[in-house]
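Worksheet: the structure to be examined is printed underneath.
Only the coordinates and a few stated rules stand behind these numbers; no lab work does. Everything quoted here is computed from the prediction, not taken from an experiment. FYI the Cβ positions are ideal-geometry reconstructions off the backbone, even for glycines, and counts take in every protein chain you see.
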Amino acid sequence: MKIKSVAAYEILASGGYPTVEARVELESGFVGITSVPYGASAGSHEASVLMDGDQARYNGQGMLRVVKTIQETIAPLVIGLDAADQRALDETMITADGTPNKSQFGGNAILAVSLAAAQAEAAAQKKPFYKHIAETFQTGVDFSNLPSPMVVVIEGGKHADDTTDLQEFCISAVGDGSAAEKVRWAMEAYHALKKVLKANKLSTNVGNEGAFAPNGIPSNEAPFQYILEAIKNAGYVAGKDLSISIDAAASEFYHDGKYDLKVEGRQLTAAELMAYYESWLQKYPIATIEDMLAEDDWDNWVMMKQLADKYQVELIGDDLTVTNQERLQKAIDLNAISAILIKLNQIGTLTETVDCCMLARKHGLMTTTSHRGGGETNDAAMVDLAVAVGSRFIKVGPTRGERVSKYNRLLAIERELRS
Ligand code: PGA
Ligand code: ZN
């Protein structure tokens with residue numbers, strides 16, 4: 001069905017700064033509305049997030065330019081195109097933008113229109129969004145296994161002040177059960193963690209993603225102990241029902257060739273850092289590790305992959321691969337990862353995101369679809385994407401509306417599929 005009109009608005013994202021929402025209407029009257037998120041610790045190879053730069057509004061972080069680009073430049077390009085041909089629609093925008101990282105229009109502008117058009121077409125076809133994505137791109141996913149929750153429970157790095165150098169410690173559901181059960185297990189362990197932190201005299205205030213951000217935590221290793229205790233106190237078996245996932249987001253503490261662990265007052269080489277990591281892999285029930293090294297430290301990633309294989313842990317690329325097929329292909333060729341984090345706004349169109357997931361799957365790599373730290377919205381399209389491409393996990397924080405909307409979408413999809 002043909003696109004009749006495209007509109008865009010400046011709305012607020014979870015951090016209190018603006019993001020963009022797009023509305024696409026088809027000639028048949030069906031409408032799709034989507035808002036797009038952005039990261040707090042975005043990788044430098046991601047698609048651009050264009051902001052106004054006008055210091056008189058929102059400290060330069062307004063979205064009026066992006067709104068204008070959508071309404072005045074992108075709209076005339078896509079009006080009249082068939083929303084059922086998502087690939088052609090996305091390619092039209094990519095070509096017109098003409099830059100490698102979508103810096104002309106903004107990845108945020110392009111993604112908002114890409115997703116809103118897809119949502120409108122799904123509505124026209126009276127299909128849930130995940131089914132529309134799966135059918136449009138023939139992903140071959142049969143929905144018999146839904147993604148499991150990877151719940152961020154402790155956060156530090158750029159997501160909170162005065163806490164761990166590592167950005168995220170997560171509880172991942174690895175046992176057998178429905179999505180609803182797995183969400184419950186992980187959340188119960190999260191609540192148990194609050195008591196453990198309090199018992200250790202740590203604050204239970206939360207960070208960007210709604211996870212605990214305990215000030216004055218003694219080391220980057222301490223969260224493992226707290227989480228293990230929480231899993232046990234909640235009545236689950238660590239390594240069987242619930243495991244630990246971490247995201248170092250190491251680019252954020254990599255300076256001048258060294259990894260700077262402020263909490264521990266130590267500056268480590270990659271080899272020293274990996275030796276430290278290995279001590280964790282020996283001791284703790286860890287399911288996945290992510291961005292353990294900086295985004296361009298390719299040689300050491302290859303070593304890290306060997307270490308991950310030794311302990312049968314999935315090594316996820318995020319800032320390394322940025323949902324970008326070229327960077328993913330390089331990581332595959334070098335044998336640098338076994339899994340990839342997927343974020344729609346890292347690349348900026350639905351088509352490229354799904355293609356990246358399919359490339360990963362073709363090479364036997366697991367995908368985990370993720371929220372963003374800095375500016376999330378209540379939009380839950382990432383969950384439909386995760387279901388459509390058969391992601392193993394969705395990584396999302398445990399509290400705050402823009403986070404729980406993702407889990408609630410997963411529960412709704414499960415109810416719909418299993419009823
Ligand atoms: P970001 O962090 O969205 O702030 O970049 C999330 C992540 O690194 O996984
Ligand atoms: Zn990450």
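If you add up the charges near Ala192, with Lys and Arg at +1 and Asp and Glu at -1, over every other residue whose beta carbon is less than 9 angstrom from its beta carbon, what do you get? Result for the local shell: +1. Between His191 and Lys2, residue separation times 0.36 nm minus the direct Cα-Cα distance comes to 63.2 nm.
Scanning residues 5 or more positions from Glu376 or on other chains, those with amide H under 5 Å from its amide H are Ser14, Gly15, Tyr38, with H placed 1.01 Å from N in the peptide plane. Model label sites at Lys283 and Arg418, defined 7 Å from Cα along the beta-carbon direction, differ in position by 3.7 nm.
Note on Lys4: aspartates and glutamates with a C-alpha under 20 Å away, same-chain residues under 8 apart excluded, are Glu21, Glu25, Glu27, Glu72, Asp82, Asp85, Asp90, Glu91, Glu121. Here the calculated FRET efficiency for His255 and Glu135, from their Cβ-Cβ distance with R0 = 60 Å, stands at 0.80, rounded to the nearest 0.05. Extending 7 Å from the Cα toward the beta-carbon at both His363 and Val237 defines two label points whose distance is 3.5 nm. With θ taken as phi - 60° and the Karplus curve 6.51 cos²θ - 1.76 cosθ + 1.60 applied, the whole-hertz 3J(HN,Hα) list for the range 319-329 is 4, 4, 10, 6, 6, 10, 4, 5, 5, 5, 4 Hz, x standing for glycine and proline.
With a cut-off of 20 Å on the backbone N, the residues of the range 2-37 near the modelled label site 7 Å out from Asp161 along Cα-Cβ are 14-17. Among residues other than Leu81 with Cβ under 12 Å from its Cβ, the summed charge is -3 (Lys and Arg +1, Asp and Glu -1).
Rounded to the nearest 20 debye, the dipole magnitude of the chain is 1180 debye, with +1 charges on Lys and Arg beta carbons, -1 on Asp and Glu beta carbons, and the Cα centre as origin. The H on the amide N of Arg266, modeled in the peptide plane, is under 5 Å from the matching H of Leu261, each at least 5 residues off or on a different chain. Each stretch of four or more DSSP H residues adds -39500 (n - 2.57); spread over every residue of the chain, this sum gives -12000 deg cm²/dmol at 222 nm.
Tell me, how many Å apart are the Cα centres for the range 181-242 and for the range 1-46? Answer, in whole Å: 34.
With a cut-off of 14 Å on the backbone N, the residues of the range 95-132 near the modelled label site 7 Å out from Glu72 along Cα-Cβ are 105. In this label model, Asp54 and Gln267 are separated by 4.2 nm, measuring between points 7 Å along each Cα→Cβ vector.
Farthest toward the dipole's positive end in the range 148-418, which of Cys170, Val404, Phe253, given Cβ charges of +1 (Lys, Arg) and -1 (Asp, Glu) about the Cα centre? Positive-most Cα among the choices belongs to Val404. If you take all other residues with their beta carbon under 12 Å from the beta carbon of Leu111, and give Lys and Arg +1 and Asp and Glu -1, the sum is -3.
The calculated FRET efficiency for the pair Ala199 and Lys330, based on their C-beta separation and a Förster distance of 45 Å, comes to about 0.50. Close amide H pairs (under 5 Å, H built 1.01 Å from N) link Ser148 with Phe393, Ile394, residues at least 5 positions away or on another chain.
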